[in-house]
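Note sheet for the following structure.
Only the coordinates and a few stated rules stand behind these numbers; no lab work does. Owing to the predicted nature of the structure, the values given are computational and were not obtained by experimental measurement. Cβ atoms come from the backbone with ideal geometry, glycine included; neighbour counts cover every protein chain shown.
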Amino acid sequence: MRILLCSLIALTLASCANVQVTKTSKGTYASTNPNFVEVLKTRPERSYEELGAVDAMGFGPSEIAKMHNGLRAKASTLGANAVIITDEGLINDGWAITRFASGVAIRYK
């Protein structure tokens, strides 16, 4: 019974994970390959243009790579070369602990 309950909780958490993107730039670019979109913790030294905000939420505590891949996929639709993570962490809502991240999709000049 306990295994079934844990499985149901894990399934519920997995179904709640999502990534959203909000375009903030005026221009449009062709989509990039998500496999080549970098995930950065600091601003790069080279010049860039900010394309939009990306937010990921509802990922499991150990799903860092999955969350970063979601950020890459959404940022690539804007034509981004990288995502700069501006905030990242864990949230305990009393029922479960979930991972979140916010960042900025950028395109190198």
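Taking a temperature of 4 °C and a viscosity of 1.567 mPa s, what whole-number D in µm²/s does Stokes-Einstein yield for the chain with Rh from Kirkwood over alpha carbon pairs? Using the Kirkwood radius from Cα pairs, D works out to 89 µm²/s. Straight-line reach from LYS74: taking Cα to Cα under 13 Å and skipping same-chain neighbours fewer than 8 places apart, the aspartates and glutamates in range are GLU38, ASP55. The dipole here belongs to the stretch 31-84: it is taken about the Cα centre, uses +1 on the Cβ of Lys and Arg and -1 on the Cβ of Asp and Glu, and is about 100 debye.
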